[in-house]
Amino acid sequence: MTRPLALTAAAVTLIASLAAGPLAAQQAAPAGPQPFTVGNRLGLPIAPAPDGKFDPMSSNVKVYGAIYSAESCSYDPARGVIVVPNRGVAQNVQTNNGWISFINHDGSVHTARWVGIQNPGDQRSNMTTPLVLNEPLGSDIANGVLYLADRDGGTSPTDPVISVVRKFNMQTGMPAGQVRVEKSNGFNDLEVTSDGTVYATQTGTAQDATTQQVWKITPDGAASIFVQGAPLRQPNGIAFDPQGNIVVINIGNDEVLTFSPDGKLAKTEHAVQAGNDGLVIMKDGTKYVSSVVNGGVSRIRPNRPAELIAQNIPNPASMCYDEGANQLVIPMNANNGLAFIKLK
């Protein structure tokens, strides 16, 4: 005969806090505005203490993870870490659920939650600088600012999705402004010039070529369509080549399209596989292209045909180049992980 389990009051409290979520053990935010804070690297306390006390995790402990539904990453040379925006759950499940993680070169966790340590709801909205981070997809770092292709809306079938470029100061984690593009229904990837001009892809639908677009947003927030329709075929990844041209890859075919700054098609190359998402361009012009549909990574050297350097990666999304370790880092979407490819 099995005896009923007797729980102490302390045990009940612990179980309740664990069931409520990873941040539920934090004290509820006091009433009124709270200072904007970002999370500590792995150690205790998780959230910064008022007196600044922090004890790092033991150096013999390795942690891998902290990634949930990530679509892109960027490299922060100042910290020497990989910056990964996590989309969290979809807007129709819960709004303002995204967060940003820092990952070390070996895949271990540097900071589990940097921006986004607060729970959605009052903890985020009651800060002196409220935090909004819904479903960040593409990302890029330029001049100490993290740019994210985020979105508002989509909470129901009748709630339209609106593209929003959100910016965060890479030193402090503070929100650094946003640009809403009302006429775009969802940016996928973005790339930012040194002067703060943003180029962003809108993948659109296969049935309507007019929805397949690349947008240009100037530093003062003026947004316009840079390229629309053919030769775009559901554009996804975007990056700049060493000459300052805008390079776009398609999900709908294997084409790698190079556009001049005035929007004219200058060159068409081909990856080994179609269904592409991630794009990294090296200083010598070599391009790396990941196929989120077919699982391979193509290398396209200047004036040479493409070759596969990796295959059968589950859903490799918008990758980044980790300069500190000379490797490609590839978020794997719903697989909630990162793939690492050392470059020779």
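The values are calculated or read from the model by the stated rules, or taken from the named source; none is laboratory data. Remember, it's a predicted structure, so these values are computed and weren't measured experimentally. We place every Cβ from the backbone using ideal geometry, glycine too, and count neighbours over all the protein chains shown. When the accessible area is computed, the model is the full protein with side chains, heavy atoms only, and any ligands, DNA or RNA have been set aside. Shrake-Rupley method; radii C 1.70, N 1.55, O 1.52, S 1.80 Å.
For this structure, a couple of remarks:
- Selection of first residues in region 165-181 that are closer than 13 Å to Gly221 by Cα and of second residues that are outside any strand (DSSP E or B) and β-branched (Val, Ile, Thr), restricted to Cβ pairs under 9 Å at least 6 apart or on distinct chains, gives the following pairs, ordered by first then second residue: Arg166/Val132; Gln178/Val132.
- Annotation note: Cβ proximity below 9 Å between a residue of region 134-157 that is without any contact (Cβ under 8 Å) to a residue 12 or more places away in the chain and a residue that is open to solvent by 10 Å² or more (accessible area, probe 1.4 Å) and not small (Gly, Ala, Ser) (sequence gap 6+ or interchain) occurs for Pro157/Asn92.
- For beta carbons closer than 7 Å, sequence separation of 6+ or different chains, a first residue in region 99-127 that is within 21 Å of Ala149 (Cα to Cα) and a second that is of a type in the set (Lys, Arg) and assigned to a loop (DSSP other than H, G, I, E, B), the qualifying pairs are Trp99/Arg113; Ser101/Arg113; Phe102/Arg79.
- Number of positions in region 125-139 that are open to solvent by less than 20 Å² (accessible area, probe 1.4 Å), at pLDDT 95 or above and within 29 Å of Gly43 (Cβ to Cβ): 5
- Members of region 235-253 that are in contact with an Asp or Glu (Cβ under 9 Å, 6 or more places away or on another chain) and open to solvent by 10 Å² or more (accessible area, probe 1.4 Å): Phe240, Pro242, Ile251
- Residue within region 80-98 that is among the basic types (Lys, Arg) and open to solvent by 30 Å² or more (accessible area, probe 1.4 Å) present: yes
- Set Met319, Met332, Met282: member being farther than 21 Å from Pro85 by Cα and touching a residue at least 12 places away in the same chain (Cβ under 8 Å): Met282
- Any hit, region 213-234, residues being surrounded by 23 or more Cβ atoms within 10 Å (Cβ to Cβ) and within 23 Å of Gln327 (Cα to Cα): no
- Residue within region 168-188 that is closer than 18 Å to Asn236 by Cα, part of a strand (DSSP E or B) and either at pLDDT 95 or above or open to solvent by 50 Å² or more (accessible area, probe 1.4 Å) (or both) present: yes
- Test: residue in region 192-208 that is closer than 20 Å to Val83 by Cβ, in a loop (DSSP other than H, G, I, E, B), at pLDDT 95 or above and not small (Gly, Ala, Ser): yes
- The residue list Pro130, Pro136, Pro120 contains one member that is in a loop (DSSP other than H, G, I, E, B) and in contact with a helix residue (DSSP H, G or I) (Cβ under 7 Å, 6 or more places away or on another chain), which is Pro130.
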